[in-house]
Amino acid sequence: MIALVALFSLASCGGNEPKPGKASIVGTWEVTAASMVVAGQTMDMSELVGQKLIINEDGTVDVDGEKATYTYEGNTFTIFYADEGGTYEQAMNVDKLTQDELVISQTETMEGQTATMTLTCKRLA
């Protein structure tokens, strides 16, 4: 669960270029609100507030100091992590993307319970 939170704080294939007329996901974002709903119960995730997500045009991302690569296609933002244990991916739904705000979420079933984490971010640069 902690790994999920760390990886998520922070968004499967193809194009990282911004679409004409659409806000770009590329930039520096700061988490301003975070919550997780598990089996209908909302959990405060305020410890994630203030974390940074730096999304670069070259397909790299820095999730609060952890480097990875990503793709952004449609409404899916997928981060690809590699460590000594191997590689894995984290796919998130982009619920909202404007010039100033990014809202991403991920829903998973853990131990028979559905959990949805939502992060709201503001653009810093």
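The values are calculated or read from the model by the stated rules, or taken from the named source; none is laboratory data. Since the model is a prediction, treat every value here as computed from it, not as a measurement. Counting neighbours? That spans all protein chains shown, and the Cβs are built from the backbone with ideal geometry, glycine included. Side chains are part of the model used for accessible areas, which takes the heavy atoms of the whole protein and leaves out ligands, DNA and RNA. Shrake-Rupley method; radii C 1.70, N 1.55, O 1.52, S 1.80 Å.
Residues in the stretch 108-125 that are open to solvent by 20 Å² or more (accessible area, probe 1.4 Å) and modelled with pLDDT under 95 were compared, and the one that is nearest to the chain's Cα centre (by Cα) is E108.
For E84, the conditions (1) more than 21 Å from T28 (Cβ to Cβ); (2) acidic (D, E); (3) within 11 Å of the chain's Cα centre (by Cα) are fulfilled apart from (3).
Scanning the stretch 21-64 for residues that are open to solvent by 40 Å² or more (accessible area, probe 1.4 Å), more than 18 Å from V94 (Cα to Cα) and over 14 Å from the mean Cα position of the chain (by Cα) yields a total of 9. Counting only residues that are surrounded by fewer than 12 Cβ atoms within 10 Å (Cβ to Cβ), at negative phi and part of a strand (DSSP E or B), the stretch 68-107 holds 3 of them. Restricting the search to strands (runs of 3 or more DSSP E) fully inside the stretch 16-64 and requiring at least 1 residues that are of a type in the set (A, V, I, L, M, F, W, C) and at pLDDT 95 or above gives 27-38, 52-55, 60-63.
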